[in-house]
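Asks: Sharing a structure here in structure tokens format.
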Amino acid sequence: MDMKLEVIVVPVTDVDRAKSFYTGLGWRLDADLATGEGFRVVQVTPPGSPASVIFGTSVTSQTPGSAQGLHLIVDDIAAAHDELERLGANPGEVFHDAGGVFHHAGTDARVPGPAPQRRSYGSFLSFNDPDGNGWILQEVTTRLPGRLDPSVTTYTSAPDLAAALRRAAAAHGEHEARTGAEDPNWPDWYADYLVREQAGSDLPR
């Protein structure tokens, strides 16, 4: 049975302030519903995300600001940093972990700059919402084997697909340089590349 993560509940103090912050980042406003003064639910969704975020009044008993380590995946950590900075989220600088596997809690073992060779899964940055709930952005450019069903290839946004096509185009250019001939079956090669990349399989050469 599939069990897909649908919603994360984030505890906030001021619902309108949180709503303004998250929608100001370009997150889609899905709902703002109230059944009375004591209960209100706001749902927003990060661009391209299949899962959403809910906050409001009487939707959680967690202390505002206590949600930490909430992860968002991006394919360009430097561009994500610049966008968050432009939108007023005040992100920290890009970092990687000294251990090279996953980041430590808090700010322990943070090394400034992206991971060596921009290794997929290795580069991070962080930002907080107005209540101090902590978000981490992680750069993923190539999925590890087994992370996705190889029979299913999906892209959640046009920019996501465009970025994948650019990577395929660059790899295909190298392929043609190696073979020394123009590839008339490039659509098939692109399709194979896109499916393998999402599945985390060996990429075509």
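The values are calculated or read from the model by the stated rules, or taken from the named source; none is laboratory data. This structure is a prediction, so every number in the text was calculated from the model and none was measured. Ideal geometry is used to build each Cβ from the backbone, glycine not excepted, and the neighbour counts take in all protein chains shown. What goes into the accessible areas is simple: the full protein's heavy atoms, side chains included, and nothing from ligands, DNA or RNA. Shrake-Rupley method; radii C 1.70, N 1.55, O 1.52, S 1.80 Å.
Asks: Restrict the check to region 49-65 and report whether at least one residue is of a type in the set (S, T, N, Q), touching a Gly at 6+ places or on another chain (Cβ under 8 Å) and closer than 17 Å to Asp131 by Cβ.
Replies: Yes, there is a match, as at least one residue in region 49-65 is of a type in the set (S, T, N, Q), touching a Gly at 6+ places or on another chain (Cβ under 8 Å) and closer than 17 Å to Asp131 by Cβ.
Asks: If you check Glu93, Glu85, which single one turns out to be closer than 23 Å to Trp27 by Cβ, open to solvent by 20 Å² or more (accessible area, probe 1.4 Å) and assigned to a loop (DSSP other than H, G, I, E, B)?
Replies: Of the residues listed, the single one that is closer than 23 Å to Trp27 by Cβ, open to solvent by 20 Å² or more (accessible area, probe 1.4 Å) and assigned to a loop (DSSP other than H, G, I, E, B) is Glu93.
Asks: Of all residues in region 129-166, which are at pLDDT 90 or above and open to solvent by 80 Å² or more (accessible area, probe 1.4 Å)?
Replies: Result: Arg166, single match.
Asks: Which of the residues belonging to region 59-82 are farther than 18 Å from Ser49 by Cα, open to solvent by 60 Å² or more (accessible area, probe 1.4 Å) and in contact with a strand residue (DSSP E or B) (Cβ under 7 Å, 6 or more places away or on another chain)?
Replies: Hit for region 59-82 is Gln68, nothing else.
Asks: In addition: Identify the single condition in (1) modelled with pLDDT under 90; (2) of a type in the set (Ser, Thr, Tyr); (3) surrounded by 14 or more Cβ atoms within 10 Å (Cβ to Cβ) that Ser126 does not satisfy, given that it satisfies every other one.
Replies: Condition (1) is where Ser126 drops out.
Asks: Now, a different point. If you scan region 1-50, which residues turn out to be assigned to a strand (DSSP E or B), touching a strand residue (DSSP E or B) at 6+ places or on another chain (Cβ under 8 Å) and without any contact (Cβ under 8 Å) to a residue 24 or more places away in the chain?
Replies: Hits for region 1-50 are Arg28, Leu29, Asp30, Ala31, Asp32, Leu33, Ala34, Phe39, Val41, Thr45.
Asks: Also: Quick one: Thr107 ticks every box in (1) within 28 Å of Arg196 (Cβ to Cβ); (2) among the hydroxyl-bearing types (Ser, Thr, Tyr); (3) at pLDDT below 90 except a single one, so which number is it?
Replies: (1)
Asks: Tally time: how many residues in region 152-205 are part of a helix (DSSP H, G or I) and of a type outside the set (Asp, Glu)?
Replies: So the count comes out to 30.
Asks: Scan region 175-205 residue by residue and report those that are of a type outside the set (Lys, Arg) and in contact (Cβ under 8 Å) with a residue 24 or more places away in the chain.
Replies: His175, Tyr190, Tyr193, Leu194, Val195, Glu197, Gln198, Ala199, Gly200, Ser201, Leu203, Pro204, listed by residue number.
Asks: Shifting gears a bit: I need a count of the residues in region 96-113 that are in a loop (DSSP other than H, G, I, E, B), open to solvent by 60 Å² or more (accessible area, probe 1.4 Å) and under 24 Å from Asp129 (Cβ atoms).
Replies: 5
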